[in-house]
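Below is one structure, written out as structure tokens; comments come after it.
Just so it is clear, none of the values below were taken in a lab; they were calculated from the coordinates. Predicted, not measured: the structure shown is a model, and the values here were computed from it. Positions of Cβ are generated from backbone atoms using ideal geometry, with glycine treated the same way; all protein chains shown enter the neighbour counts.
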Amino acid sequence: MSLSGKWKAILTVLLTVVVVAGGGALWYFGYYTKTPEYAARMIEEAAAAHDMTKFERYVDVRKISETASDEFLEGVMDSDRAMSEEARSAVTNFAQIFRASVSKSFEDAMREYVRTGEWGDVSPDAQLILDKAGLYQAEPRGVEGIEKNAEDGKATLGLRLYQKEAADEFVLKICLGKGQDGVWRAEEVANFRDFIAFVMKARKEQFRTYLKTTEEILRVHEEKISAADKKLVDILHSGTMGDMNVRRQMRAVMAEEILPDWQLRRSELEAVEAPTAAHALHRLRLRICDMRIAYALRYADWLETKKGGDIQEANEILKEARTLEQEAETMTRRMMRGAM
């Protein structure tokens, strides 16, 4: 091949490379950057790089927060099966007062997550809402795929979340719309209400398990305490409180049966992992155990010393314990209705 022939071949190859590269650039900038797939990729990159400016180019943070607040409020009401339609309507109207606050909480939390990679330092109101929504216990597991809807011209991105309370994954369906500039943006979480229901169902199941476990513990110990109380009555009927032998027998029952049983009950309850929904009830039950233990100790002291101060203090402790027990029973019944 002549020198001129070689140059012609080289020029042909170069021209081919330029044309192909140009065509690739045309495809990339003219088509690919205007697709929902590209938007999804940019959202992931922005979140990973904590780039809020880039994130907001492809996510309408305010619109998503506003729709999420509505879905959140509806989802919470869905979880209360005992609520009548009339009550639901009244609560819905009342809840609209807080809609802006809930929306702002979601918006602030989303910005904080992108900025730091975790929910982090948000307001107490936002913390409460994120916890109620189950987002504190959720972690992204990647994009599942994108589907286009020919009817409304939108696309749906599937974001896999692992929810720790449910010990399962949930796919959030994020709707993307195409703007006038041709850029696709995330605008709404279509099934956030379903996610709330998913979380609430898991929490109810955990609470039912907690109730079943603890009620069995309480049942066993109540039988033992009932038997010990009967012993105390039988001993008292055998004589009088002025009889040293009667007091000695009663003290033995109190110190060797009732006191250890309440101590064991407390340790068994404490070993049970209480779900978030049962934290208040669990703390109350442990407090009752503490009061009953204190009463047993003080009453046993009085049986030995017969000091007026000991029995007076014991009676005050018992009065408080019984008040707490009534409160625990009321709370349990109310929570059981909500868990049905």
List the number of the failed condition for Val246; all other conditions in (1) surrounded by 13 or more Cβ atoms within 10 Å (Cβ to Cβ); (2) among the β-branched types (Val, Ile, Thr); (3) assigned to a loop (DSSP other than H, G, I, E, B) hold. (3)
If you take the residues of segment 274-314 that are without any contact (Cβ under 8 Å) to a residue 12 or more places away in the chain and under 23 Å from Lys132 (Cβ atoms), which of them is nearest to the chain's Cα centre (by Cα)? His279
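Could you tell me whether segment 223-233 includes any residue that is farther than 26 Å from Gln137 by Cβ, assigned to a strand (DSSP E or B) and hydrophobic (A, V, I, L, M, F, W, C)? Can you show your working first?
Going residue by residue through segment 223-233, those that are farther than 26 Å from Gln137 by Cβ are 223-233.
Within this subset, residues satisfying the condition of being assigned to a strand (DSSP E or B) are none.
No, segment 223-233 contains no residue that is farther than 26 Å from Gln137 by Cβ, assigned to a strand (DSSP E or B) and hydrophobic (A, V, I, L, M, F, W, C).
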Complete set of residues in segment 304-337 that are surrounded by fewer than 15 Cβ atoms within 10 Å (Cβ to Cβ) and among the small types (Gly, Ala, Ser): Gly308, Gly309
Residue that is among the small types (Gly, Ala, Ser) and in contact with a Cys (Cβ under 6 Å, 6 or more places away or on another chain), where the choices are Ala133, Ala190, Ala202, Ala166: Ala190
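Give the residues of segment 249-273 that are part of a helix (DSSP H, G or I) and free of Cβ contacts under 8 Å to residues at least 24 places away in the same chain, sorted by residue number.
Passing the criteria: Gln249, Ala252, Glu256, Pro260, Ser267, Glu270.
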